[in-house]
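What follows is a set of notes on a single structure, which appears directly below.
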Amino acid sequence: MSGRPSAGTSPNTLLRGRTIHPGRAEGEALVSRMGISFFGGVDPETGIVVEKGHDLEGRCVAGRVLVFPAGKGSTVGSYTLYRLSKAGKAPAAILNADCEPITAVGCILAGIPCVDRLPIDRIAAGVRVRVDGDDGTAEIVTG
């Protein structure tokens, strides 16, 4: 038996979760093992994580598939996601273990595809991820 996938199969890893907001996006995974507070934690004009001590401090969320366990902080974080979208600095998609209302409302306002109830520990930083918010899936693209 060869180590190659058989014809008609994909070497990609498909993760199934729950749709929070529909839509499709693909991009490089920006992965945090910490919660994110969009209000005060992410600059809405630049998309750079500014929260001191955060594992993504100094990194830009723009155009990335942003992967983190859950949001935290003020309900103004929803509006911050909307501002990021208007500034062209929003994540391409958001993947969570457990999406809470702040992130969910922000994704809806900003039109960001969002899926939760995913085993986010299986997504490594820098891999390409194809998100299908319509089907509630995230596909780790290899090759």
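The values are calculated or read from the model by the stated rules, or taken from the named source; none is laboratory data. Source: prediction; values computed, not measured. With ideal geometry, Cβ positions are generated from the backbone for all residues, glycine too; neighbour counts draw on all protein chains shown.
The residues of region 83-111 that are touching a strand residue (DSSP E or B) at 6+ places or on another chain (Cβ under 6 Å) and within 15 Å of PRO22 (Cα to Cα), listed by number, are PRO91, ALA92, ALA93, ILE94, LEU95, ASN96, CYS99, THR103, ALA104, CYS107, ILE108. Take the conditions (1) surrounded by fewer than 16 Cβ atoms within 10 Å (Cβ to Cβ); (2) at pLDDT 95 or above; (3) closer than 19 Å to VAL105 by Cβ; GLU57 misses just one of them, which is (3). Within region 85-124, being over 11 Å from the mean Cα position of the chain (by Cα), of a type in the set (A, V, I, L, M, F, W, C) and over 14 Å from THR13 (Cβ atoms) holds for ALA87, ILE102, ALA104, VAL105, ILE108, LEU109, ALA110. Taken together, the residues in region 35-54 that are surrounded by fewer than 16 Cβ atoms within 10 Å (Cβ to Cβ) and touching a residue at least 24 places away in the same chain (Cβ under 8 Å) amount to 3. For region 63-143, the strands (runs of 3 or more DSSP E) that sit wholly inside it and include 1 or more residues that are within 21 Å of GLY41 (Cβ to Cβ) and not polar (S, T, N, Q) are 65-68, 93-96, 114-116. Quick check on region 73-83. Is at least one of its residues under 14 Å from the mean Cα position of the chain (by Cα), modelled with pLDDT of 95 or more and of a type outside the set (A, V, I, L, M)? There is no residue in region 73-83 that is under 14 Å from the mean Cα position of the chain (by Cα), modelled with pLDDT of 95 or more and of a type outside the set (A, V, I, L, M).
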